[in-house]
Amino acid sequence: MERKKTGGRRKGTPNKTTAEIRSAFQCLVEDNLDTINKDLKIMEPEQRLKYIIDLAKFVVPQLKAIELSSNSEKPLIMLNLGDGTPPDK
């Protein structure tokens, strides 16, 4: 049973605290780009790659794996919905 919403933020309204924290973090990174670049240059390659991957989580959306299954005997056909063409086999 779903209750009627009586207060709080409306659906789709961004959380102010989250937006403020993201903005502050962005300013922190922007203000320290020179230092970050210097630090990257003195790191070992393996350590540098791990650092870049960790930072990428804040910029590049993380993809989730999906599992497809079928009770049918027919094979599943995957389509690339981006441009409507089937993927390479």
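Bear in mind that the values in this text are calculations on the coordinates, not laboratory data. This structure is a prediction, so every number in the text was calculated from the model and none was measured. In this analysis, Cβ positions are derived from the backbone assuming ideal geometry, glycine residues included, and neighbour counts consider all displayed protein chains.
How about the stretch 1-51: which GluC sites (Glu not before Pro) there lie in a loop by DSSP and see at most 12 other Cβ atoms within 10 Å?
Taking the stretch 1-51 and a limit of 12 other Cβ atoms within 10 Å, the loop GluC sites (Glu not before Pro) found are GLU2.
If you keep only loop residues by DSSP, which trypsin sites (Lys or Arg not before Pro) in the stretch 1-38 have at most 15 other Cβ atoms within 10 Å of their Cβ?
Answer in residue order: ARG3, LYS4, LYS5, ARG9, ARG10, LYS11.
Can you list the residues of the stretch 37-63 with backbone N under 20 Å from a point 7 Å past the Cα of SER23, pointing along Cα to Cβ?
Within reach of a label on SER23: 59.
Once you have the Cα-Cα distance between LYS57 and ILE77, take 0.36 nm times their residue separation minus that, and quote the gain in nm to one decimal.
4.1 nm
Using 7 Å Cα-to-Cβ label points, what is the ASN32/LYS50 separation (nm, one decimal)?
1.8 nm
What is the sum of charges around LYS50, taking Lys and Arg as +1, Asp and Glu as -1, for the other residues whose C-beta is under 14 Å from the C-beta of LYS50?
Once all neighbours under 14 Å are counted, the net charge is -2.
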